[in-house]
Amino acid sequence: MEHPTFFTKRMFGGLAAYVFERLMLLLVEPTQSGRWRWHWHGVLVCTGYQHHASIQAEFPALMPHEVLRKWLFIDSTHQDFESTMDAVAKHVARNDPRFGVVAKSPRARGGKPIDVRRRMH
């Protein structure tokens, strides 16, 4: 969160985390309406298909998401959730090129970034 390029923005009812000019992670949980109840309760790790095999070899708990198959996913109830996400976060913080996708910056469209520090409890 301390990196100067870090910011967050709402996406798909979750919180997208950007750093190094790339969309890295999308944190999602069920909405009150239950709209995403079955497919959206965890973290989407944004990456390209070409990186799936090497990332999954290192992090076997990550699997292609049922709906957004281009990104890898781990359910928040998975027994390896915390250890996997801790390790993934370290790779993201080191700017591992396998992680993240270049997305049109929400800032460029006039979007207002959300300060995740105010949202985390």
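The values are calculated or read from the model by the stated rules, or taken from the named source; none is laboratory data. As the structure is a computational prediction, the values presented were derived from the model and not from experiment. A quick note on method: Cβ atoms are made from the backbone with ideal geometry, for glycine too, and the neighbour counts reach across all protein chains shown. When the accessible area is computed, the model is the full protein with side chains, heavy atoms only, and any ligands, DNA or RNA have been set aside. Shrake-Rupley method; radii C 1.70, N 1.55, O 1.52, S 1.80 Å.
Some points to look at:
- Taking all protein chains together and a 1.4 Å probe, the residues Met24, Met85, Met63, Met11 rank Met63, Met11, Met85, Met24 from largest to smallest accessible area.
- Note, ³J(HN,Hα) from phi for the range 52-58, Karplus 6.51, -1.76, 1.60, rounded to Hz, x at Gly and Pro: 3, 4, 5, 5, 5, 5, 7
- Counting heavy atoms of the protein chains alone, Val67 has an accessible area of about 80 Å² for a 1.4 Å probe.
- Taking amide H as placed 1.01 Å from N in the peptide plane, the amide H of Met11 sits under 5 Å from that of Ala16, each at least 5 places away or on another chain.
- Residue order for Phe73, Phe12 - accessible surface, 1.4 angstrom probe, largest first: Phe12, Phe73
- Across the range 72-89, computed HN-Hα scalar couplings (Karplus, 6.51 cos²θ - 1.76 cosθ + 1.60, θ = phi - 60°) run 8, 9, 9, 6, 5, 8, 4, 4, 9, 4, 5, 5, 5, 5, 4, 5, 4, 4 Hz from first to last residue, x flagging Gly and Pro.
- For the pair His41 and Glu58, label points projected 7 Å from Cα toward Cβ lie 2.9 nm apart.
- Accessible area per residue, Å², the range 41-90 with all protein chains present, probe 1.4 Å: 53 Å²
- Estimated inter-spin distance, Glu66 and Glu2, nm [label 7 Å along Cα→Cβ]: 4.0 nm
- Estimated vicinal HN-Hα couplings, Hz - the range 5-15 in sequence order (Karplus 6.51, -1.76, 1.60; Gly, Pro = x): 8, 6, 7, 10, 7, 5, 7, 6, x, x, 10
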